[in-house]
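Report on the structure given below.
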Amino acid sequence: MNEKEILQQLYESVLQGDSAKAVEAAQQALDAKISPLKAIEGGMTPAIQEVGDRFGKGEMFLPEMVTSADAMEAALEILEPFFEGDEGAKKGKVLIGTVKGDIHDIGKNIVIALLKVNGFEVIDIGRDIASTDFVDKAVDLGVEVIGLSGLLTTSLPMMRDIIQILDDDGVRDQHKVIIGGGPTSQEYADEIGADGYGETAYSAVQLCNQLLGIAS
Amino acid sequence: MPGLHFEMMERVDQGPRVREKEFDTSIFPRVKELAEKYDIKYDPAHPIPDDDAMADRLFAAGMEYAVEKGLWVLDTQKVVHFTEAEIWRFLDNFHTPLTFGYGKDQVTLYPRKPESDVRPLVIGGAAGSSMTEGEIYVKHMMNFALEPTNDMIANGNPAWIEGREIRPFSPNEVHGAIQEVGWIREAIRRSGRPGMPMFVAPGCAASAPPAVAIINEERGLRKGDFMYAALLTELKSDYDRLIRAVTAVENGVHVATLLAPMIGGWAGPPEGAAICGAAETLLGAICHSSTIVVNHPVHMNLKNGATTHRQTLWVESVIGQAFSRNCRFPIGQNVFLDARAGTYEVLWEAAVNAIVAVSSGQHTGPGPSGITGGDDVDMISGIEMRMLGETSRAVTGMSRKKANELAVKCLEKYEPTLGNPPKGKRLQDLYDIEKLKVKEEWLAKFKEVKAQLKDWGMPYR
Ligand code: B12
């Protein structure tokens with residue numbers, strides 16, 4: 001296969017969410033001495049952008065976006081050891097979950113998929129997660145951003161607690177905290193001292209870009 | 001209803017472990033195949049399709065998928081399976097008609113079919129909308145209980161309790177749930193309908209203990225009232241929800257199983273959500289030993305979870321038709337409106353939900369609801385419920401063809417602002433709250449919308 005064909009393979013495998021094919025194509029790229037940066041920018045990034053676009057237009061659905069993001073991640077894992085400098089590096093690490101007592105996770109899953117599609121490394125901590133677990137995990141993994149999702153009125157106090165714990169543990173300045181979901185609002189974010197509120201999954205991406213000083 | 005109580009309890013921790021992501025992402029490819037195999041097609045011009053054969057094929061597709069896929073349990077990461085014979089054993093032995101409530105306030109649920117002239121049950125109430133606690137909460141509930149078309153009352157959610165935040169798994173949450181149901185009992189008594197059946201998903205019950213704590217003949221849920229137990233989207237449950245169901249059933253409280261198949265979610269487009277929803281209806285009914293399944297399709301683009309998106313209406317309609325044509329098990333239609341009290345849009349949305357539910361063989365409600373929280377506390381009133389109830393009565397016996405025509409006309413009224421509706425008003429602004437009398441301005445809007453519907457051929461009395 002020539003370079004063009006390999007890049008096309010990468011493009012298609014990510015678009016189709018085929019992890020096995022994406023890994024194979026990434027390996028072929030390395031074997032053919034295509035630079036990792038070129039493999040990413042020439043094959044994978046356009047594919048994942050296409051996925052994001054189609055999702056926005058309602059032509060692609062959550063499961064497809066999730067499997068595409070997975071295929072992209074799988075291929076990146078193959079390429080990563082060969083990066084030079086910070087080429088291909090992720091934009092930043094984001095930890096996301098739904099707070100204690102709340103099992104709503106649809107919105108959270110969409111936020112995660114869109115952040116991944118937009119180049120963030122995302123750790124999904126799950127739903128119904130204890131406040132202390134959010135903080136401990138964030139510190140352990142050294143994430144830049146903590147995203148809190150909550151759909152119940154009873155979820156609001158949990159968000160305040162998490163910020164309080166970050167404060168008490170003396171690590172508040174090391175993590176940005178963003179919140180989202182029905183009962184949350186900009187006013188509530190201000191009240192509890194969160195760094196941002198996002199009404200939609202798209203605004204979650206904008207917020208992360210903004211907070212990490214990345215031009216979108 | 002005798003479900004497969006012990007089979008469920010036995011199977012929740014049997015079999016191989018299945019990882020959640022694998023369970024979730026394998027749904028879409030399979031429902032796509034099933035949609036082709038059973039020829040299920042969404043048609044935007046027909047939110048209420050008039051196609052018996054497709055309804056029957058959807059039932060068959062749901063049955064095949066329910067048997068094949070099973071229900072995933074969060075705590076154990078195992079899948080509960082039932083055979084087709086077991087599912088039929090439950091459906092075939094489902095006993096109807098069923099009577100709910102006490103004394104003069106009793107109501108009866110009869111099995112219905114699409115276009116049936118058998119009266120649907122109307123379950124009216126705020127169904128989870130945020131509201132002020134105490135006397136205002138009681139007034140909200142009285143407002144719904146005083147609507148004569150309301151057969152069964154559904155609760156709202158107090159936004160706080162005794163002036164304090166409600167935290168899940170906290171003592172205050174249990175206290176709140178007990179208060180909440182006590183206020184509903186007070187409201188039905190003060191409204192002269194002390195025996196009115198209650199349909200309750202306590203807002204102060206993010207966790208199971210408060211839900212369990214409200215079963216109490218004297219001041220809580222009585223035998224024969226309803227308690228909600230939801231499934232997790234898609235095709236999932238957990239111990240918390242199964243515990244609510246077991247507790248309710250063994251105390252003589254009916255279980256209403258709520259499901260939220262998602263359009264644009266794990267099941268993909270409307271066709272996938274419909275197949276998934278049909279499978280969920282079967283599995284939820286059995287695992288919870290339910291008396292009714294309440295369907296609440298969610299659309300990915302509507303943050304408020306409104307049930308009035310064109311695609312959502314279609315999913316509601318086809319699942320309703322599939323079940324009412326193929327078994328006696330009743331389906332209710334959660335009514336979640338995007339707009340808020342005081343607007344024209346909220347009335348069009350209420351009307352359309354009633355039209356879809358009733359013409360498709362379902363029962364109406366619980367609803368109207370939709371309010372998430374935050375600034376929107378108290379933005380709900382009995383007038384939306386009146387639109388829902390009166391329209392449900394009027395649509396009874398209407399052909400799907402005619403119902404579809406009316407639904408499409410209603411859609412034209414609110415679809416342009418769906419997802420970004422005009423701001424509404426609070427009950428306190430729309431009513432004389434002490435006397436619970438609706439103010440002229442709000443009543444006039446109601447009359448206007450009703451007159452328009454009547455003009456289009458809605459046979460209101
Ligand atoms: C679907 C649904 C369910 C499903 C959840 C399935 C699942 N796997 O998630 C089921 C049926 C299980 C369910 C259960 C319950 N539910 Co519910 N549910 C809903 C519903 C209808 C839609 C939510 C949804 O998925 N919306 C679609 C998604 C795409 O939107 P979203 O989640 O808001 O996410 C978007 C944005 O908010 C944002 N976002 C989300 N998270 C984040 C995070 C960050 C960091 C950022 C920046 C952005 C962001 O981006 C997302 C994409 O655009 C809402 C209605 C409503 N008005 O919200 C009720 C609702 C949230 N539920 C409610 C209730 C009360 C419950 C129950 C307690 C009922 C009961 N008594 O059993 C239980 C919850 C138990 C628990 N412990 O959590 C109430 C909450 C009321 C309140 N204010 O407290 C609501 C508002 C309905 C109502 N009026 O009663 N529910």
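The values are calculated or read from the model by the stated rules, or taken from the named source; none is laboratory data. Given the structure is predicted, the values throughout are model-derived calculations rather than measurements. Every residue, glycine among them, receives a Cβ derived from its backbone with ideal geometry; neighbour counts consider all protein chains shown. For the accessible areas, the whole protein counts, side chains as well, though only heavy atoms, and no ligand, DNA or RNA atoms are used. Shrake-Rupley method; radii C 1.70, N 1.55, O 1.52, S 1.80 Å.
Brief remarks on what is shown
Yes/no matrix, rows are residues, columns are (1) modelled with pLDDT of 90 or more; (2) buried (at least 23 other Cβ atoms within 10 Å of the Cβ):
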| residue | (1), (2) |
| --- | --- |
| A:M1 | no, no |
| A:L10 | yes, yes |
| A:K21 | yes, no |
| A:L37 | no, no |
| A:V51 | yes, yes |
| A:E64 | yes, no |
| A:S68 | yes, yes |
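- Screening B:E133 on (1) within 30 Å of A:D161 (Cβ to Cβ); (2) in a helix (DSSP H, G or I) shows it passes everything except condition (2).
- Filtered residue count, region A:103-134, keeping only those that are in a helix (DSSP H, G or I) and under 18 Å from the mean Cα position of the chain (by Cα): 13
- Scoring B:M227 on the criteria (1) crowded, with 24+ Cβ neighbours inside 10 Å; (2) aliphatic (A, V, I, L, M); (3) away from the ligand (no atom under 14 Å from the Cβ) leaves a single failure, condition (3).
- Subset of region A:99-125 [of a type in the set (G, A, S) and either more than 9 Å from chain B (Cβ to nearest Cβ) or open to solvent by 30 Å² or more (accessible area, probe 1.4 Å) (or both)]: A:G107, A:A113, A:G119
For (1) free of Cβ contacts under 8 Å to residues at least 12 places away in the same chain; (2) within 9 Å of the ligand (Cβ to nearest atom); (3) part of a helix (DSSP H, G or I); (4) of a type outside the set (F, W, Y), each residue gets a yes or a no:
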| residue | (1), (2), (3), (4) |
| --- | --- |
| B:A306 | no, yes, no, yes |
| B:G332 | no, no, no, yes |
| B:W348 | no, no, yes, no |
| B:T364 | no, no, no, yes |
| B:I380 | no, no, no, yes |
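- Apart from one condition, B:F82 fits all of (1) modelled with pLDDT of 95 or more; (2) within 21 Å of B:H288 (Cβ to Cβ); (3) over 25 Å from the mean Cα position of the chain (by Cα); the exception is (3).
- Scanning region A:156-205 for residues being of a type in the set (G, A, S), away from chain B (no Cβ under 14 Å) and in contact with a strand residue (DSSP E or B) (Cβ under 9 Å, 6 or more places away or on another chain) gives a total of 3.
- Residues of region A:173-185 classified as more than 6 Å from the ligand (Cβ to nearest atom) and either at pLDDT below 95 or part of a loop (DSSP other than H, G, I, E, B) (or both), total: 3
- Screening the candidates B:G284, B:G252, B:G203, B:G277 for the property of being within 14 Å of the ligand (Cβ to nearest atom) and part of a loop (DSSP other than H, G, I, E, B) yields one hit, B:G203.
- Qualifying positions in region B:173-204 - of a type in the set (G, A, S) and open to solvent by less than 10 Å² (accessible area, probe 1.4 Å): B:G176, B:A177, B:A187, B:G195
- When B:L259, B:L235, B:L221 are checked against the criterion of being more than 14 Å from every other protein chain (Cβ to nearest Cβ) and open to solvent by less than 10 Å² (accessible area, probe 1.4 Å), B:L221 stands alone in meeting it.
- Number of positions in region A:186-203 that are closer than 23 Å to B:G370 by Cβ and within 9 Å of the ligand (Cβ to nearest atom): 7
- Which listed residue is modelled with pLDDT under 90, open to solvent by less than 40 Å² (accessible area, probe 1.4 Å) and either more than 14 Å from every other protein chain (Cβ to nearest Cβ) or more than 16 Å from the ligand (Cβ to nearest atom) (or both), from A:G92, A:G88: A:G88
- Within region A:155-172, considering residues that are open to solvent by less than 10 Å² (accessible area, probe 1.4 Å) and in contact (Cβ under 8 Å) with a residue 40 or more places away in the chain, the one nearest to the ligand (Cβ to nearest atom): A:S155
- Among residues of region B:100-112, those that are surrounded by fewer than 17 Cβ atoms within 10 Å (Cβ to Cβ) and touching a residue at least 40 places away in the same chain (Cβ under 8 Å), counted: 5
- Of all the listed residues (B:M152, B:M131, B:M198, B:M142), the sole one being in contact with a Leu (Cβ under 7 Å, 6 or more places away or on another chain), of a type in the set (A, V, I, L, M) and either within 15 Å of the ligand (Cβ to nearest atom) or modelled with pLDDT under 95 (or both) is B:M198.
- Those residues of region A:70-83 which are touching a Ser or Thr at 6+ places or on another chain (Cβ under 7 Å) and either within 13 Å of chain B (Cβ to nearest Cβ) or modelled with pLDDT under 90 (or both), in sequence order: A:D70, A:A71
- Condition met for B:S191 (within 14 Å of chain A (Cβ to nearest Cβ) and without any contact (Cβ under 8 Å) to a residue 60 or more places away in the chain): no
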